[in-house]
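This report refers to the structure that appears directly beneath it.
A short reminder: the numbers here are calculations on the coordinates, not readings from a lab. All of these numbers come straight from a predicted model, not from anything done at the bench. Neighbour counts run over all protein chains shown; Cβ positions are idealised from the backbone, glycine included.
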Amino acid sequence: MKIIENFNNINKIDIEKLKELDMQKTKVFKYITYKKRTEQEVRNKFKGQIEEQMLEEIIEYFKEAKYIDDYEFVEKQVREYMNLKTMSITEIKYKLLTKGIDKNIIENYISKNEEELEEYEKKCIEKIKLKKAGTMEEQELKQYLYRKGYKINI
């Protein structure tokens, strides 16, 4: 009997707000399932389209459900960079920072995977050396690598 009383007390405003929340949640869900997104990317995409408080609730909901997970995003993105590109650790950091990922999350990932990333960086240097060998002198190549963010000691 109490459930029926509570149901009768729900007014039309609450129902409309629930419908709006559900509709906006669906929009965000489509956006984050099409391609893995960061929390900041979601915030930027829907800022101005969805009421700020509602957007924060939706983001929190998807974070709890693990649809938005910046650390997991960093892991996947770094794997993708390592498989497809020749980038220094510094370049990877900047790429991730431009996606709006917290610097602490990036630093945490890098420190946990430091050996693997340094090994990757060494391989990238070798690839670049082979590619640029005929066109650049050694000093020029060192400057190029330094500008790209590679560590001098490597």
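Quick one: how many residues across the range 100-152 are under 22 Å from N83 (Cβ atoms), among the aromatic types (F, W, Y) and assigned to a helix (DSSP H, G or I)?
2
Looking at E39, E56, E20, E16, which is the one that is acidic (D, E) and surrounded by 15 or more Cβ atoms within 10 Å (Cβ to Cβ)? Spell out the reasoning first.
Values: E56 fails: surrounded by 15 or more Cβ atoms within 10 Å (Cβ to Cβ); E20 fails: surrounded by 15 or more Cβ atoms within 10 Å (Cβ to Cβ); E16 fails: surrounded by 15 or more Cβ atoms within 10 Å (Cβ to Cβ).
Of E39, E56, E20, E16, the one residue that is acidic (D, E) and surrounded by 15 or more Cβ atoms within 10 Å (Cβ to Cβ) is E39.
Restricted to the range 21-45, and to residues that are free of Cβ contacts under 8 Å to residues at least 24 places away in the same chain and under 16 Å from the mean Cα position of the chain (by Cα), which residue is nearest to E80 (Cα to Cα)? Steps first, please.
Applying the first criterion (free of Cβ contacts under 8 Å to residues at least 24 places away in the same chain) to the range 21-45 yields 22-23, 26-27, 30-31, 34-35, 45.
This time we only want the ones that are under 16 Å from the mean Cα position of the chain (by Cα), so: 31, 34-35, 45.
On the way: Y31: 20, Y34: 17, K35: 13, K45: 23 Å.
The residue in question is K35.
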